[in-house]
1. From the phi of every residue in the stretch 354-370, what ³J(HN,Hα) in whole Hz does the Karplus formula 6.51 cos²θ - 1.76 cosθ + 1.60 yield, where θ is phi - 60° and glycine or proline is x?
2. For R409, list long-range residues whose amide hydrogen, built 1.01 Å from N in the peptide plane, is under 5 Å from its own amide hydrogen.
3. Carbon-plus-sulfur fraction of the accessible area of the chain, 1.4 Å probe, in percent?
4. Going by a ≥ b ≥ c, the root eigenvalues of the Cα gyration tensor, does the stretch 266-319 fall in the rounded group (a/c under 1.5), the prolate group (a/b larger than b/c) or the oblate group?
5. Helix-derived [θ] at 222 nm for the chain: sum -39500 (n - 2.57) over DSSP H runs of at least 4, divide by residue count, nearest 500?
6. Can you tell me how much longer the chain between N441 and S187 gets when fully stretched, taken as 0.36 nm per residue apart minus their C-alpha distance, in nm with one decimal?
7. Quick check: the distance between the Cα centres of the stretch 371-394 and the stretch 285-350, to the nearest angstrom?
8. Take the alpha carbon gyration tensor of the stretch 122-253, find the square roots of its eigenvalues, order them as a ≥ b ≥ c, and report rounded if a/c is under 1.5; if not, report prolate when a/b exceeds b/c, else oblate.
Amino acid sequence: MTKAIKSRFVCSYCEHEQAKWLGRCPSCGQYNSLEEVAVKPKLPGGAGAAVGKDKRTNTSSARLLNDISVETDGAIRSATGISELDRVLGGGIVAGSMLLLGGDPGIGKSTLLLQICKSMANDDFKVLYVSGEESTAQIKMRAERLQVAADGCYLLAETDIFAIRDAVNEIKPALLLIDSIQTMRFSELTSLPGSVTQVRECAAFFTYLAKENAMSVVLVGHVTKEGSFAGPRVLEHMVDTVLYFEGDDKDACRLIRAVKNRFGSTHEIGVFEMSEQGLHAIEDPSAYMLNGRPVGTAGSVVTCSIEGTRPLLTEVQALVTYTNFGTPRRTSTGMDYNRMVMLMAVLEKRCGYKMQNFDAYVNIAGGLRVNETAADAGVIAALASCYKEKPIDHRILVIGEVGLAGELRAISQTERRIAEAARHGFKGCIIPTANKKKIKNPPENFRILGAENIGEMLSAIL
């Protein structure tokens, strides 16, 4: 008589294991998140044991930190040839690292992979592109549209990780591209591709493969409707770098932001423009964000935020309109909603703006999301400008953090922000008084005004 295969139920959110199915996970409280997974005997050493030989004959030994050389041990960077992507990565892809790339469907993930092949693949640097969603003919059609003709680029349409391992051992690529991790399957498991167990084991398999061969691996990950990666949260912990594609698929502007980077900063962003020929790096994002800005319109003001090492000019738009309903509507796009509501409360309490009967909408033009508090003064100025129906001079920059008492608090890297504004033709700016005292070499023909609070700021610009 055949022995029955045991099964367990694993939560797709928190990976809690349960012997019986329940409608609600007892650990995280999510409904209908338990998936049945068959239990089979584990391979000796886990998924990593299936990469090479059945038994590992070589064991790693501890080494002194001072004896380890980055150059001789292979932990070197390889530039992708895409300037904005290299900026986000910190200079390029590190050999033996794992990179996870996510974003909404149709935003350009597969396009970016082919452009990486175009700039990196050659006879000395081989790239293996593995697709579990498209055939090699479909990838070739996109490659012809993007004019990708790389001698060292290999294509493979496969989902079985052992077949991918055999191809890696045969080709010996320096870079492995997996599109996507949710389509890969570990044949020793009975669960469907994309399940919690499959994603976790396949990611562990590719991690071991990358370290064993000193090969960089880029994993494309699907995202849920909430914007997080589909599958277990441990997937983001296993990789070295996590990149998110941001932006609307109907808009030409695309942003790549690093939320985790073991080899560089997580504050840098890459700005791209989508066209028929693929993604093009935008070398001057400030000019791109200000393109098409209305002049002489109330509710529009320019502020400057720091993204990593780069100052970025952005336009803050506000619309304040009277409403007949009892509860006014508040909407923000590109900034935190709760901070917008707080700034409106400060404006009403400290400056006497009666906004309880007005709807308010705040938008950061260009599709950028600003998380820096230095944009607070710009939001306050835009709201007040639209409320009073008085346009702000389009050649004036407004920056500063706003406190609950209505004071303008000091911000960092003020001189760099001012230099960026002067480079784009601005004639003056309003900054906190504490920052004005520290400026030693202001640009020529550039007027700098200091304000203690939002009342002084609004009096100067309105």
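1. In residue order, the calculated couplings are 7, 10, 6, 10, 10, 6, 9, 10, 10, 9, 8, 5, x, x, 7, 9, 9 Hz.
2. Placed amide hydrogens put E401, V402, G403 under 5 Å from R409.
3. Values: 11300 of 22840 Å².
About 49 percent, which is the carbon plus sulfur part of the accessible surface.
4. Cα axes put the stretch 266-319 in the oblate bin.
5. Per the formula, -7500 deg cm²/dmol.
6. Working: separation 254, 0.36 × 254 = 91.44 nm, distance 6.54 nm.
Length gained between N441 and S187: 84.9 nm.
7. That distance is 6 Å.
8. Oblate, since a/c reaches 1.5 and b/c is not below a/b.
The values are calculated or read from the model by the stated rules, or taken from the named source; none is laboratory data. Predicted, not measured: the structure shown is a model, and the values here were computed from it. Note that each Cβ is placed from the backbone with ideal geometry, even for glycine, and that neighbours are counted across all protein chains shown. All accessible areas refer to the heavy atoms of the entire protein, side chains included, with ligands and DNA or RNA removed. Shrake-Rupley method; radii C 1.70, N 1.55, O 1.52, S 1.80 Å.
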